[in-house]
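One structure is given here, and the rest of the page talks about it.
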Amino acid sequence: MATTTNVTSNYAGEVAGEIIGKAFKEADTIAKNLVTVLPNIPFQSSLRKISYTDGRTDYACGFTPTGAVTLTEKLLTPKKVKNEQELCKEDFRQAWDTASMGFSAHNDSMPKDEQTAFLAEVLGDTAEATDQDIWQGLAATDGQFGGFIEKFTADGTVIKHGNGITAIGAAITKANVVSEIEKVLGAIPVALRRKADMIFGISPDVALAYQQALISAGISNGLGGGDMVLQYGSYKLEVINGLPDNTIVVYQRKNLYFGTGLMSDHNEIRIKDMDESDLTGTVRFKMCYTGGTQYVNGDEVIWYLSTAV
């Protein structure tokens with residue numbers, strides 16, 4: 001019979017933040033460095049915006065300013081969420097490697113390697129969910145934090161359908177993907193085009209349609225197949241898995257922010273073997289963390305959704 005010892009794992013504050021931070025780094029948007037990450041936000045952070053009107057005039061003696069400077073700010077307030085799970089050790093054990101553990105009628109405590117495997121699974125799911133929330137999360141939905149698209153929808157300054165772009169109103173396919181990409185390119189402000197950290201992001205289905213269009217064009221010239229970098233002219237197209245279908249977004253990396261309290265006491269991971277207290281043969285898991293999104297300049301964001309009406 002395999003011998004195990006009762007292990008209850010608790011991670012809080014900085015240590016939990018490091019573990020959860022690793023999960024966040026696996027999120028596609030963060031792993032690709034597509035947004036600016038603000039760690040260690042215990043409650044909220046102010047994103048400051050400076051705007052001004054041109055004050056240039058022909059020279060004359062004296063001081064008569066004609067320009068104006070306006071200072072505003074937006075708040076990034078991470079939302080605290082939790083993930084609670086309870087599993088039966090017997091069910092988990094039957095799916096685990098009994099050859100390495102040994103068989104016993106006793107419901108021994110959950111070995112350390114089982115805890116590690118379970119934690120890895122939950123953290124992997126957290127990374128995927130975080131990537132989804134960064135773009136599609138709804139602040140009012142239980143267990144989600146508000147994403148960028150929710151904010152783009154409510155912001156009249158964002159360049160989008162009805163405000164600088166007319167969307168096709170149908171799914172993007174290899175037949176229309178180039179023309180729709182060109183619509184977005186035509187709507188990018190000149191000032192944004194000059195930014196070295198400009199991101200041209202596309203959803204996975206748009207990427208597939210563009211690949212199909214490139215392959216079709218290549219086949220017609222005897223050049224089909226091969227590895228291709230997704231690029232349109234001088235613009236590299238970044239595939240963002242968290243985007244919904246038929247979506248294109250263009251923005252400056254340092255304009256879009258993801259905030260979390262990675263080092264704060266809001267972060268918590270606990271694994272509790274309940275046999276120590278109530279002999280139920282279960283293990284309870286609890287994770288708490290914070291996350292939120294915000295941007296500064298809406299007029300430097302292009303959000304294209306082809307099915308918009």
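Just one of the numbered conditions (1) modelled with pLDDT of 80 or more; (2) part of a loop (DSSP other than H, G, I, E, B); (3) surrounded by fewer than 22 Cβ atoms within 10 Å (Cβ to Cβ) is not true of LEU243; which one? The one condition LEU243 does not meet is (3).
Reported count of residues in region 99-139, each being modelled with pLDDT of 90 or more and out of contact with any helix residue (DSSP H, G or I) (no Cβ under 9 Å at 6 or more places or on another chain), is 2. Looking across region 274-305, the residues that are under 17 Å from the mean Cα position of the chain (by Cα) and not hydrophobic (A, V, I, L, M, F, W, C) come down to TYR289, THR290, GLY291, GLY292, THR293, GLN294, TYR295. For region 189-221, give me each residue that is under 12 Å from ILE248 (Cα atoms) and of a type outside the set (Phe, Trp, Tyr). Once the filter is applied, which keeps residues that are under 12 Å from ILE248 (Cα atoms) and of a type outside the set (Phe, Trp, Tyr), region 189-221 yields ILE199, GLY201, ILE202, SER203, PRO204, ASP205, VAL206, ALA207. The residues of region 126-164 that are more than 18 Å from GLU300 (Cβ to Cβ) and among the aliphatic types (A, V, I, L, M), listed by number, are ALA127, ALA129, ILE134, LEU138, ALA139, ALA140.
Specify which of the listed residues (ASP125, ASP133, ASP155) is crowded, with 20+ Cβ neighbours inside 10 Å, under 26 Å from LEU76 (Cβ atoms) and either within 13 Å of the chain's Cα centre (by Cα) or not aromatic (Phe, Trp, Tyr) (or both). It would help to see each step written out before you state the result.
Working: ASP125 fails: crowded, with 20+ Cβ neighbours inside 10 Å; ASP155 fails: crowded, with 20+ Cβ neighbours inside 10 Å.
From the options ASP125, ASP133, ASP155, the qualifying one is ASP133.
Of everything in region 48-64, what is at pLDDT below 85, open to solvent by less than 90 Å² (accessible area, probe 1.4 Å) and over 30 Å from TYR257 (Cα atoms)? Give them in sequence order. Answer for region 48-64, where residues must be at pLDDT below 85, open to solvent by less than 90 Å² (accessible area, probe 1.4 Å) and over 30 Å from TYR257 (Cα atoms): GLY55, GLY62. If you check TYR210, TYR257, TYR251 for being in a helix (DSSP H, G or I), modelled with pLDDT of 85 or more and buried (at least 17 other Cβ atoms within 10 Å of the Cβ), only one passes: TYR210.
Is at least one residue of region 261-269 modelled with pLDDT under 95, aliphatic (A, V, I, L, M), buried (at least 17 other Cβ atoms within 10 Å of the Cβ) and in a loop (DSSP other than H, G, I, E, B)? I'd like the intermediate steps shown before the answer.
Initially, region 261-269 is screened for residues modelled with pLDDT under 95, giving 261-269.
Then keep just the ones that are aliphatic (A, V, I, L, M); that gives 262-263, 269.
Going one step further and asking which of them are buried (at least 17 other Cβ atoms within 10 Å of the Cβ), we end up with 262-263, 269.
Subset that is in a loop (DSSP other than H, G, I, E, B): 262-263.
Looking for residues that are modelled with pLDDT under 95, aliphatic (A, V, I, L, M), buried (at least 17 other Cβ atoms within 10 Å of the Cβ) and in a loop (DSSP other than H, G, I, E, B), one finds at least one in region 261-269, hence yes.
Criterion first (touching a residue at least 60 places away in the same chain (Cβ under 8 Å), among the small types (Gly, Ala, Ser), surrounded by 15 or more Cβ atoms within 10 Å (Cβ to Cβ) and not in a helix (DSSP H, G or I)) does GLY201 satisfy it? Here the answer is yes, as GLY201 does meet what is asked.
The values are calculated or read from the model by the stated rules, or taken from the named source; none is laboratory data. No experiment lies behind these values; they were computed from the predicted model shown. Positions of Cβ are backbone-derived with ideal geometry, glycine not excepted, and every protein chain shown enters the neighbour counts. Note: areas computed on protein heavy atoms with side chains; ligands, DNA, RNA excluded. Shrake-Rupley method; radii C 1.70, N 1.55, O 1.52, S 1.80 Å.
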